[in-house]
Amino acid sequence: MAEERKTCQNCKADFLIDSEDSKFYQKVKVPPPTFCPDCRAARRMVFWNERHLFRKPDARTGKEVFSTYPKVSPISIYDHDYWWSDKWDPMKYGREVDFSRPFFEQVRELSYEVPWPSRSIKNLVNSEYCNQASDLKNCYLCFNAGAHGDKSEDCLYGVAFLNMRSSVDFYQTDGGDFCYETFSTTDCYQTFFTAESSNCRNTWFSLNCENCSDCFGCVNLRHKKYHIFNKPYSKEEYAETLKSFNLGSYKNLSTMKKRAYEFWDKFPMKYIHGTHNTNVVGDYVYHSKNVRYSYQGIEMDNVRYSQNMAMDIWDSWDYTNWGNNAELIYESVSCGKDCRNLKFCFDCWPGCQDFEYCLSCHSSQNLFGCVGLKKKQYCILNKEYSPEEYKKLRTKIIEHMNSTPYTDKKGREYRYGEFFPAEFSPLAYNESSANDYFPLSKTKALELGFLWRDPEVKEFAITVQSSDLADHISDVDKKILKEIIGCPSCKRAYRVIAPELEFYKRFGLPIPRKCHNCRYDERIKLRNPIKWYLGTCMCAGKKSSNNIYTNLNLPHKSHKNGDSCKTSFETTHAPDKKDIVYCEACYQSEVV
């Protein structure tokens, strides 16, 4: 099939639909999209709240409960346990299709009437301040956690994780004990301020290290012990030098952090964060094949334009957040676990099949434009039909959606084949994950037609500014648990809770000077953005092409010693950054 160039209805940029795209659209029987991949992803993500927690009145009792959605959101909610019970019937909201009005408009009205679950949680023990999570115990402000029956406990301020224990301030981690300020780590123990590393123990400020222990400020090491800034030390020298850094001091810790980050910039990085891949263009992708322009995923096969996916996903396009044995998923978000053939859906799981335009429906099949249903089939707008009636009415609705499209406030038209308009979301842009992956200013978000809500800030009497906290953890006592601290970045108040202070005391870590949200913002700066560039390997023979790094393991098998590597690739490393980017072969030659 011939390639087709289209102009995005939203951002007006050109985008390509190639033959593989066309084959998939024919397979799932949808027309080609009218939004480009980035605009499609942002539109989906504005429905997904990964890490914010609100309070909102329960529609039944009026009592305020923890909620995925803010108080001013137009939807109604039921407390999680009641929503999942048999004490209410979402079918009572069913209605006939009105062919005098756009179908999208009718789904929106239904979504405002049928209550949504207050949170997406399962098997939480003493973890009330958590959301989008399962199997947590004694956790606080932890989000997007748990899958496949794994368990985490005694964790604070973690996002996107599995199997974590007794850890604080971490993102995108799988397996870890006593970790602090980590990003993209696996199976680590007592690891601090470390990124993109696995099977490490007692490491500080290290990047892309594997099976290392007692290392500080190191980069690209494998199976090493007692190294500081990649230089070997004896066990005794290492302990004495680490002690001299006096990392319990916030001032000293900040100095070492800056020094480590500067040291990291002097070493090559692989063009992709990923291993065990075949035919992949993406980033943070592992154990996958035939993947294009996808970001953060594990065990995917024939997947495109997807983000934050985990385990057993195949034949899916434009899929955000989840997976777990899912196939033929298109333009859907927060759907997964044994799902098949879902199109234009949000929060539909588990065991869902043959859904279109559904919100928060579960364990059902053959639903179209439904909200909040469980264990149902052949329903449209929450009204049940016979299989024959359902098929005829579905065909008629699709024809109606094409002849009577919904037009949003910016004049963009929505026919069959488009995900829900962003203005249908119960979340504002800055309350959703869209702003983490595709950050916008308030002005730009409003200009693009997104909703923006300034956060409802509770007025707390700040008792101490973070700049006035004791510099050294040894000078901090339990009195700090009563302090209300002013964050210098967002100007909002935060507190240190008892398990947090115990953790800092145990590992000699100073009290953080920012609130947990601002610390998260700092942490994800280590993550490359979702944007691909055409790059060429910067290995220039004996050195990197910018003359900063000298190759250690020559000759490289991929090209003759002394020659520049000519390998090209698509990468998320921006050309205007300091990154030294090598192709896989040259990188593997240097990291042994």
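Bear in mind that the values in this text are calculations on the coordinates, not laboratory data. Bear in mind that the values here come from a model prediction, so they are computed numbers and not experimental data. With ideal geometry, Cβ positions are generated from the backbone for all residues, glycine too; neighbour counts draw on all protein chains shown.
Tell me, what are the semi-axes, in whole angstrom and largest first, of the equivalent ellipsoid of region 298-403 as set by the roots of 5 times the Cα gyration tensor eigenvalues? Before the final figure, lay out each step's value.
Working: eigenvalues 119, 41, 22 Å².
Here the semi-axes work out to 24, 14, 10 Å.
Pick out, in residue order, every one of the GluC sites (Glu not before Pro) in region 125-223 that is DSSP loop and has at most 15 other C-beta atoms within 10 Å; say none if there are none.
Values: sites: Glu128, Glu153, Glu181, Glu196, Glu210; in loops: Glu128.
Answer by residue number: Glu128.
Calculate the tail of P(r) for the chain: the fraction of all Cα-Cα distances greater than 42 Å, expressed in %.
26
Charges on Cβ only, +1 for Lys and Arg, -1 for Asp and Glu, centred on the Cα centroid of the chain; of Ser545, Ser19, Cys218, which one is farthest towards the dipole's positive end?
So the residue we want is Ser545.
Using θ = phi - 60° and the Karplus form 6.51 cos²θ - 1.76 cosθ + 1.60, what ³J(HN,Hα) does each residue of region 390-403 get, whole Hz, x for Gly and Pro?
Here the 3J(HN,Hα) series is 4, 5, 5, 5, 4, 4, 5, 5, 4, 4, 5, 5, 7, 8 Hz.
Would you work out the relative contact order for the chain, in percent, from Cα pairs under 8 angstrom that are 6 or more residues apart?
Values: 1405 pairs, mean separation 64.5, N = 592.
Computed value for the chain: 11 percent relative contact order.
To the nearest 20 debye, what is the magnitude of the charge dipole of the chain about its Cα centre, counting +1 on the Cβ of each Lys and Arg and -1 on the Cβ of each Asp and Glu?
Numbers: 82 positive and 78 negative charges, 166 e Å.
Roughly 800 debye, rounded to the nearest 20.
What full-extension length gain, to one decimal in nm, is calculated for Thr443 and Asp408 as 0.36 nm per residue of separation minus the Cα-Cα distance?
Working: separation 35, 0.36 × 35 = 12.60 nm, distance 1.86 nm.
Full extension from Thr443 to Asp408 adds 10.7 nm.
Given Asn517, Val496, Val464, which one lies farthest toward the positive end of the charge dipole of region 464-526, if we put +1 on the Cβ of every Lys and Arg and -1 on the Cβ of every Asp and Glu?
Checking the options against the dipole of region 464-526, the answer is Asn517.
Provide Rg over Rh for region 464-526; use the alpha carbon set for both Rg and the Kirkwood Rh (inverse mean inverse pair distance). Present the calculation step by step, with values, prior to reporting the outcome.
Working: Rg = 11.5 Å, Rh = 12.1 Å.
Radius of gyration over Kirkwood radius for region 464-526 works out to 0.95.
Got a sec? Charge dipole of the chain, +1 on Cβ for Lys and Arg, -1 for Asp and Glu; which of Ser441, Asn430, Val333 is way out at the positive end?
Selected residue: Ser441.
Which of Asp150, Asp21 has the fewest other C-beta atoms within 10 Å, and how do the rest follow up to the most? Can you show the working numbers first?
Numbers: Asp150 15, Asp21 21.
Result, fewest neighbours first: Asp150, Asp21.
What does the charge add up to near Asn126, with Lys and Arg as +1, Asp and Glu as -1, over the other residues with Cβ less than 12 Å from its Cβ? Each step should come with its number before you reach the end.
Values: positive: Lys137; negative: Glu128, Glu153, Asp154.
So the surrounding residues net to -2.
When a/c reaches 1.5 or more, the comparison of a/b and b/c decides; with that in mind, is region 543-584 rounded, prolate or oblate per its Cα gyration tensor?
Details: a/c = 2.40, a/b = 1.46, b/c = 1.65.
Verdict is oblate for region 543-584.
Could you let me know the centre-to-centre spacing of region 522-592 and region 52-84, using Cα atoms, in angstrom?
Centre-to-centre (Cα) distance: 49 Å.
How large is the Rg to Rh ratio of region 100-155 when both quantities use alpha carbon positions and Rh follows Kirkwood? Could the numbers behind the result be given before it?
Values: Rg = 16.5 Å, Rh = 13.0 Å.
Rounded to two decimals, Rg over Rh is 1.27.
If amide hydrogens are placed 1.01 Å from N in the peptide plane, which non-local residues have theirs closer than 5 Å to the one on Arg201?
Tyr189, Cys212, Ser213, Asp214
Rounded to the nearest 5, what % of the DSSP beta bridges within the chain are antiparallel ones? Display every interim value, and only then the final one.
Details: 23 of 118 bridges.
For the chain, the DSSP antiparallel bridge percentage is about 20.
Would you mind ranking Phe161, Phe503, Phe450 so that the residue whose beta carbon has the fewest other beta carbons within 10 Å leads the list?
On the way: Phe161 27, Phe503 18, Phe450 24.
If I rank by nearby Cβ atoms, fewest first, I get Phe503, Phe450, Phe161.
Gain in length, Arg506 to Asp89, computed as 0.36 nm per residue apart minus the alpha-carbon separation, to one decimal in nm?
Numbers: separation 417, 0.36 × 417 = 150.12 nm, distance 5.07 nm.
Extending this stretch completely gives an extra 145.0 nm.
Just the Kirkwood number for region 122-270, please: inverse of mean 1/r across all distinct Cα pairs, in Å, one decimal.
Numbers: mean 1/r = 0.0639 Å⁻¹.
About 15.7 Å, per the Kirkwood formula over Cα pairs.
What value, in deg cm²/dmol to 500, does the helix sum -39500 (n - 2.57) over DSSP H runs of n ≥ 4 give at 222 nm once divided by the residues of the chain? Kindly include the intermediate steps, with their values, before the conclusion.
Details: 12 runs with 111 residues, N = 592.
My calculation for the chain gives -5500 deg cm²/dmol from helical runs alone.
By counting other Cβ atoms within 10 Å of each Cβ, how are Val28, Val72 ranked from fewest to most? Spell out each step's value before the answer.
Values: Val28 16, Val72 11.
With the sparsest Cβ surroundings first, the list reads Val72, Val28.
Non-local amide H neighbours of Phe229 (under 5 Å, H modeled in plane, Pro and chain starts lacking H): which ones?
It is Phe216, Gly217, Cys218, by chain and number.
Can you compute the FRET efficiency between Asp576 and Asn246 using 1/(1 + (r/R0)^6), with r the Cβ-Cβ distance and R0 = 25 Å? Round to the nearest 0.05.
Numbers: r = 36 Å, r/R0 = 1.45.
The pair Asp576/Asn246 has a calculated efficiency of 0.10.
Can you give the extra length, in nm with one decimal, that the chain gains between Asp301 and Ser19 once fully stretched, where that is 0.36 nm per residue apart less the Cα-Cα distance?
Details: separation 282, 0.36 × 282 = 101.52 nm, distance 1.72 nm.
Stretched out fully, the Asp301 to Ser19 stretch lengthens by 99.8 nm.
Given H placed on each backbone N at 1.01 Å, which residues far from Ser288 in sequence or on other chains put an amide H within less than 5 Å of it?
Residues meeting the criterion, in which the H sits 1.01 Å from N, are Asn277, Thr278, Glu299, Met300.
Let me know the whole percent of all Cα-Cα pairs from region 379-424 that are separated by more than 17 Å.
On the way: 458 of 1035 pairs.
Value for region 379-424 (Cα pairs over 17 Å): 44 percent.
Which of the trypsin sites (Lys or Arg not before Pro) across region 521-558 are loop residues per DSSP, with 10 or fewer other Cβ within 10 Å? Before the final figure, lay out the partial values.
Details: sites: Arg523, Lys525, Arg527, Lys531, Lys542, Lys543, Lys557; in loops: Arg527, Lys531, Lys542, Lys557.
Qualifying residues, ordered by number: Lys557.
For region 122-270, with only Lys/Arg (+1) and Asp/Glu (-1) charged at the beta-carbon, what is the dipole magnitude about the Cα centre, in debye rounded to 20?
Values: 17 positive and 18 negative charges, 94 e Å.
Charge dipole of region 122-270: 460 debye, to the nearest 20.
Beyond 25 Å between alpha-carbons counts as too far, so tell me which of Lys251/Lys531; Lys151/Lys491; Lys289/Lys560; Lys289/Lys337 fall in that bin. Provide the component values of the computation, followed by the final result.
Numbers: Lys251/Lys531 35 Å; Lys151/Lys491 35 Å; Lys289/Lys560 29 Å; Lys289/Lys337 20 Å.
Violating the 25 Å Cα-Cα cut-off are Lys251/Lys531; Lys151/Lys491; Lys289/Lys560.
Can you give the FRET efficiency for Tyr261 and Val28, using 1/(1 + (r/R0)^6), R0 = 41 Å, r = Cβ-Cβ distance, to the nearest 0.05? Before the final figure, lay out the partial values.
Working: r = 44 Å, r/R0 = 1.08.
So, using R0 = 41 Å, E works out to roughly 0.40.
Filter the GluC sites (Glu not before Pro) in region 1-34 to those in DSSP coil with at most 16 other Cβ atoms within 10 Å of their Cβ, and list the result. Please list the in-between numbers first.
Values: sites: Glu3, Glu4, Glu20; in loops: Glu3.
Answer in residue order: Glu3.
Would you list, by chain and number, the aspartates and glutamates whose Cα falls below 18 Å from the Cα of Lys374, excluding same-chain residues fewer than 8 positions away?
Straight-distance partners of Lys374: Asp79, Asp81, Asp86, Asp89, Glu113, Asp338, Asp347, Asp354, Glu356, Glu384.
Which pairs, out of Lys235/Lys577; Lys482/Lys577; Lys6/Lys29; Lys6/Lys376, put more than 31 Å between their alpha-carbon atoms?
Check vs 31 Å cut-off fails for Lys235/Lys577; Lys482/Lys577; Lys6/Lys376.
In whole Hz, with x marking every Gly and Pro, tabulate ³J(HN,Hα) for region 170-178 from phi via Karplus 6.51 cos²θ - 1.76 cosθ + 1.60, θ = phi - 60°.
8, 9, 6, 10, 9, x, x, 10, 6
Is there a quick way to get the dipole size of region 464-526? I mean about its Cα centre, with the Cβ of Lys and Arg at +1 and of Asp and Glu at -1; what is the value in debye to the nearest 20?
Roughly 220 debye, rounded to the nearest 20.
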